[in-house]
Amino acid sequence: MAKPVVKKKYTLTERVYLIEIIKGLGLTFKHFVFNVKASFRPGPHTVPTCWQYPEDRREIAPIFRGAHMLMLDDQGRIKCVGCGMCAKACPAQCITVKRGKVAEGEESKYVGKTYPEEFVVDLTRCIFCGFCEEACPKGAIVLGPEYELAQYTREECQLTKEGLLANYYKAKEEGKLKPPKKPVPVAASAEPVAKKAAAAKKAAPKKVEAQGAEAKGDAKEAKAKEAEAKKAEKEQKSEG
Ligand code: SF4
Ligand code: SF4
């Protein structure tokens, strides 16, 4: 049901607009004085004045998800094996991976026997959800600290393998690489479960056999009882 409109009753000062205007100007002036004072304070601006970007830059959170990076290991080898798990996990379908076999003599460049011959992330489609990072079994793709992603053309928004590696080198140089994630203890907890399942599978036929034997035994017993009952009946008849 529609609500009835209640007309607000204005006070006399509200009806005389001038007083309300003066009140508003007073509030604006109060904030103006506060901000002027704040701008003379040393150090980064922690008060509600504008950050003078790009000169002033706020520190980004360690969990910030910016442009992607292809990670290298301690020996400078590309961690990615081109498995395509990240592309499968991507909800925006913006990753293209083409796997190639590592050629002879190039083993020192890559961790695995295969490598990403082609690796493109379409940043015009990416929603920076981080699913690719989560899905990667090698920890080879990470969303880095880079957030200045504006470009003039769509082509420039295609982050190629070279761009991904350049992002890694830049973050490393600036000391902004995230610490490696702690492995989730899935394998440890999954092992006993898997063992239990295997044991249950082995025990299952035995259980069925036992049940079968039990059932056979019951049938024999029932037959014997039936025979006994018939015998007793015959005896009764002959006596009669
Ligand atoms: S961050 Fe999300 S949307 Fe972007 S590439 Fe990774 S999985 Fe796809
Ligand atoms: S980044 Fe990870 S998930 Fe993606 S292709 Fe490379 S190894 Fe596979």
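The values are calculated or read from the model by the stated rules, or taken from the named source; none is laboratory data. Remember, it's a predicted structure, so these values are computed and weren't measured experimentally. In this analysis, Cβ positions are derived from the backbone assuming ideal geometry, glycine residues included, and neighbour counts consider all displayed protein chains. Side chains included, ligands, DNA and RNA excluded: accessible areas come from the protein's heavy atoms. Shrake-Rupley method; radii C 1.70, N 1.55, O 1.52, S 1.80 Å.
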request  = Filter region 146-204 down to the residues that are of a type in the set (Val, Ile, Thr) and at pLDDT below 95, then identify the one that is nearest to Val121 (Cα to Cα).
outcome  = Val184
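Matching residues to (1) basic (Lys, Arg); (2) more than 23 Å from Val120 (Cβ to Cβ); (3) under 31 Å from the mean Cα position of the chain (by Cα):
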site	(1), (2), (3)
Val6	no, yes, no
Lys23	yes, yes, no
Arg58	yes, yes, yes
Ile63	no, yes, yes
Asp73	no, no, yes
Ile78	no, no, yes
Gly82	no, no, yes
Cys86	no, no, yes
Ala92	no, no, yes
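Does any residue of region 119-126 turn out to be in contact (Cβ under 8 Å) with a residue 24 or more places away in the chain, open to solvent by less than 70 Å² (accessible area, probe 1.4 Å) and among the basic types (Lys, Arg)?
no
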ask   = If we scan region 119-131, do we find a residue that is more than 14 Å from ligand 1 (Cβ to nearest atom) and not hydroxyl-bearing (Ser, Thr, Tyr)?
value = no
query = Scanning for something open to solvent by less than 70 Å² (accessible area, probe 1.4 Å) and within 12 Å of Leu70 (Cβ to Cβ), does region 127-135 turn up at least one residue?
reply = yes
ask   = Do we have any residue at all in region 68-86 that's in contact with a Phe, Trp or Tyr (Cβ under 9 Å, 6 or more places away or on another chain), part of a helix (DSSP H, G or I) and within 16 Å of ligand 1 (Cβ to nearest atom)?
value = yes
query = Assuming Leu159 fulfils every condition listed in (1) within 16 Å of ligand 2 (Cβ to nearest atom); (2) open to solvent by 50 Å² or more (accessible area, probe 1.4 Å) apart from one, which condition is it?
reply = (2)
note = Here the residues within region 8-42 that are assigned to a helix (DSSP H, G or I), β-branched (Val, Ile, Thr) and farther than 30 Å from Gln52 by Cβ are Thr13, Ile19, Ile21, Ile22
query = Among the residues of region 72-86, is there at least one that is within 15 Å of Lys176 (Cβ to Cβ) and more than 15 Å from ligand 2 (Cβ to nearest atom)?
reply = no
task = Inspect all residues belonging to region 98-109 and state whether any of them is touching a helix residue (DSSP H, G or I) at 6+ places or on another chain (Cβ under 8 Å) and within 11 Å of ligand 2 (Cβ to nearest atom).
result = no
remark   = With criteria (1) open to solvent by 100 Å² or more (accessible area, probe 1.4 Å); (2) in contact with a strand residue (DSSP E or B) (Cβ under 6 Å, 6 or more places away or on another chain); (3) of a type outside the set (Lys, Arg), Val102 comes up short on (1)
